[in-house]
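What follows is a short report on a single structure.
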Ligand SMILES: CC(C)(COP(=O)(O)OP(=O)(O)OC[C@H]1O[C@@H](n2cnc3c(N)ncnc32)[C@H](O)[C@@H]1OP(=O)(O)O)[C@@H](O)C(=O)NCCC(=O)NCCS
């Protein structure tokens, strides 16, 4: 399969924003949908030291994922779970695939790539969160072998929960 993963530079900010906006994220209506607003957010996250990776299918950028800067605060807020269960740990977020390319296992491929990177960094665990109603994302995480370890209010503050997942790197 012609799927390649590459790191990004600031020149890729528009590409990343477009993928995110066109990923069909189910609760997207609760987030600002404009490409311009996403560009500002991505730019800030890059400045914070988060690392983005783009997945290209047949040379076309179709997917993006982010690794949280380990020196910055975790995105997962449930401190009890973080410190009791999943330290030392890397965190990834912002996995988005253009809607028409969903269900081709690109999400799994990209996530497994991130797991290999974290292993090279010397981490024992990798964690992430997914909205409790994002069934595609939940199924993908279970397929890879992630374990559900707890919940926290999701960042949209709409009463729904985000599920917290972790995987032990062997
Ligand atoms: C979530 C996402 C990254 C998954 O990537 P993907 O390449 O489509 O995922 P995969 O093909 O690797 O796996 C999808 C899994 O969901 C299952 N699935 C497909 N449609 C589904 C549906 N409507 N409901 C529940 N599960 C579904 C698939 O069978 C597959 O499970 P399996 O591995 O057990 O067969 C992608 O769909 C996406 O970009 N969604 C929009 C953005 C988003 O929600 N990001 C996550 C934010 S936490």
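The values are calculated or read from the model by the stated rules, or taken from the named source; none is laboratory data. None of these values were measured; they are calculated from a predicted model. Neighbour counts are summed over all protein chains in view; Cβ atoms, including those assigned to glycine, are modelled from backbone coordinates with ideal geometry.
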Item to check | Tally, over segment 149-165, of residues that are in contact with a helix residue (DSSP H, G or I) (Cβ under 7 Å, 6 or more places away or on another chain) and in contact (Cβ under 8 Å) with a residue 60 or more places away in the chain | outcome: 5
Item to check | Unique residue being more than 16 Å from the ligand (Cβ to nearest atom), at pLDDT 85 or above and under 27 Å from residue 153 (Cα atoms) when the list is 73, 51 | outcome: 51
Item to check | Top-ranked residue in segment 156-170 [being surrounded by fewer than 14 Cβ atoms within 10 Å (Cβ to Cβ) and not in a strand (DSSP E or B); ranked as nearest to the chain's Cα centre (by Cα)] | outcome: 156
Checklist entry - Can you tell which of 139, 134, 157 is farther than 19 Å from residue 54 by Cα and at pLDDT below 90? => result 157
Item to check | helices (runs of 4 or more DSSP H) (entirely within segment 38-154) containing at least 3 residues that are within 13 Å of the chain's Cα centre (by Cα) and surrounded by 16 or more Cβ atoms within 10 Å (Cβ to Cβ) | outcome: 106-121, 135-144
Item to check | Members of segment 114-148 that are over 17 Å from residue 65 (Cβ atoms), more than 16 Å from the ligand (Cβ to nearest atom) and touching a residue at least 40 places away in the same chain (Cβ under 8 Å) | outcome: 124, 125
